[in-house]
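The values are calculated or read from the model by the stated rules, or taken from the named source; none is laboratory data. For clarity, every value in this text was computed on a predicted model and none was experimentally measured. Note: ideal-geometry Cβ built from the backbone for every residue, glycine included; neighbour counts use all protein chains shown. For accessibility, only protein heavy atoms count, side chains too; no ligands or nucleic acids. Shrake-Rupley method; radii C 1.70, N 1.55, O 1.52, S 1.80 Å.
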Amino acid sequence: MNTNIHAISIQTAPCSVWQGGKTYELAIGPEGSSYAGRDFLFRISTAMVDLDHSTFTSLPDYMRIIMPIDGALTLVHNDGPEVHLPPLSAHSFDGGWRTESHGRAQDFNLMMRKGQCRGDMVALQLQKGVPLEIPAQKSSCRLFYCVDGSCSIIFGSESHPVQPGEGLWTGGEACILCADRPATVICSCAEPV
């Protein structure tokens, strides 16, 4: 069994409350770091935005990528123009910017320490019976999170089924995603620079 594979679930993830709702921490690194201590290199989470209007926590040492996965958001950075985010669209911004959010949604977040970590986030649309090969990648963390549908994530001879709200946290190993029915899976990666 591959020991670099960690099952994740919104049901068992550490939960914290912020001004606009709740956040579920799915992955953080390096081991032993914490969001509260602001000593992490990367953090991947999903949040429930429960207010029509909220202000994001200032994180001046971090870059952020956000993606609504259920509902849409409109962000305003530093009183600038509105940024409309329909579901499954990723948006990168400086965590130190004053950011206001409008709209109720569930979103997916990647935070990366400036100058020390980089990352990416993409929504993968899987079709039943059409395998998607994910090549190996140098990465501290690659996280797959099932938004809807169901699929299996296959590493060599190991198959890991995931349902909505579940996923896997791995290094950058190659894998294959196979959907049991049409599925949406978020793939988020973080690596040191």
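Which residue, V122, V83, V147, tops the fluctuation ranking in a GNM of the chain built on C-alpha contacts under 10 Å?
V83
Got a sec? Which residues in the range 118-137 would a label at D180 touch, if it sits 7 Å along Cα→Cβ and we count backbone N under 12 Å?
It comes to no residues whatsoever.
Pull out the extension gain between T57 and V122, defined as 0.36 nm times the separation in residues minus the alpha carbon to alpha carbon distance; nm, one decimal. Mind dumping the intermediate values first?
Working: separation 65, 0.36 × 65 = 23.40 nm, distance 2.33 nm.
Result for the pair: 21.1 nm of gain on full extension.
Normalising by the residue count of the range 151-193, find the relative contact order in percent from Cα pairs under 8 Å and 6+ residues apart. Please list the in-between numbers first.
Details: 35 pairs, mean separation 18.9, N = 43.
Relative contact order comes out at 44 percent.
Between Rg and the Kirkwood Rh of the range 1-104, both from Cα atoms, what is the Rg to Rh ratio?
Numbers: Rg = 14.5 Å, Rh = 14.8 Å.
Radius of gyration over Kirkwood radius for the range 1-104 works out to 0.98.
Ranked by accessible surface with a 1.4 Å probe, highest first, in what order do I69, I176 come?
Working: I69 20, I176 60 Å².
Order by accessible area, largest first: I176, I69.
Could you tell me the convex hull volume per residue, in Å³, taken over the Cα atoms of the range 108-155? Intermediate results must be reported in sequence, preceding the final value.
Details: hull volume 4.4 nm³, N = 48.
Per residue, the Cα convex hull of the range 108-155 comes to 92 Å³.
If R₀ is 30 angstrom, what is the calculated FRET efficiency for the pair R98 and S34, using the beta carbon separation as r and rounding to 0.05?
Values: r = 24 Å, r/R0 = 0.80.
Efficiency for this residue pair is about 0.80.
Determine ³J(HN,Hα), in whole Hz, for all residues of the range 37-50 in sequence, where each value follows from phi through the Karplus function 6.51 cos²θ - 1.76 cosθ + 1.60 and θ = phi - 60°; x replaces Gly and Pro.
x, 6, 10, 8, 8, 9, 8, 10, 8, 10, 10, 9, 8, 9
Before anything else, pin down the relative contact order of the range 66-135: Cα pairs under 8 Å, at least 6 apart, normalised by residue count, whole percent. Can you show the working numbers first?
Details: 97 pairs, mean separation 23.8, N = 70.
In percent, rounded to a whole number, it is 34.
Please give the residues of the range 16-36, grouped as numeric ranges, whose backbone N is less than 20 Å from a label point set 7 Å along the Cα-to-Cβ vector of S9.
16, 23-28
Identify which of the listed values of Cα extents along the principal axes in Å was calculated from the structure shown: (1) 140, 49, 25; (2) 50, 33, 27; (3) 66, 44, 29.
Checked against the structure: label (2).
Compute the separation of the alpha-carbon centres of the range 165-179 and the range 77-119 and state it in Å as a whole number.
Spelled out, the Cα-based centre of one part sits 24 Å from the other.
Take every DSSP beta bridge with both residues inside the range 109-193 and express the antiparallel ones as a percent of the total, to the nearest 5. Walk me through the numbers before you get to the answer.
Values: 34 of 35 bridges.
So the antiparallel bridges in the range 109-193 amount to around 95 percent.
Tell me, what HN-Hα J-couplings in whole Hz come from the Karplus equation 6.51 cos²θ - 1.76 cosθ + 1.60 at θ = phi - 60° for each residue of the range 72-87, using x for Gly and Pro?
In residue order, the calculated couplings are 10, 10, 10, 10, 10, 9, 6, 6, x, x, 5, 10, 8, 10, x, x Hz.
Taking the alpha-carbon set of the range 68-141, what are its Rg and Dmax in Å?
Spelled out, the Cα radius of gyration and Dmax of the range 68-141 are 15.2, 46 Å.
Below 8 Å, C-alpha to C-alpha, sequence gap of six or more: please give me the relative contact order for the range 1-93 in percent.
Numbers: 118 pairs, mean separation 18.1, N = 93.
Computed over the range 1-93, the figure is 19 percent.
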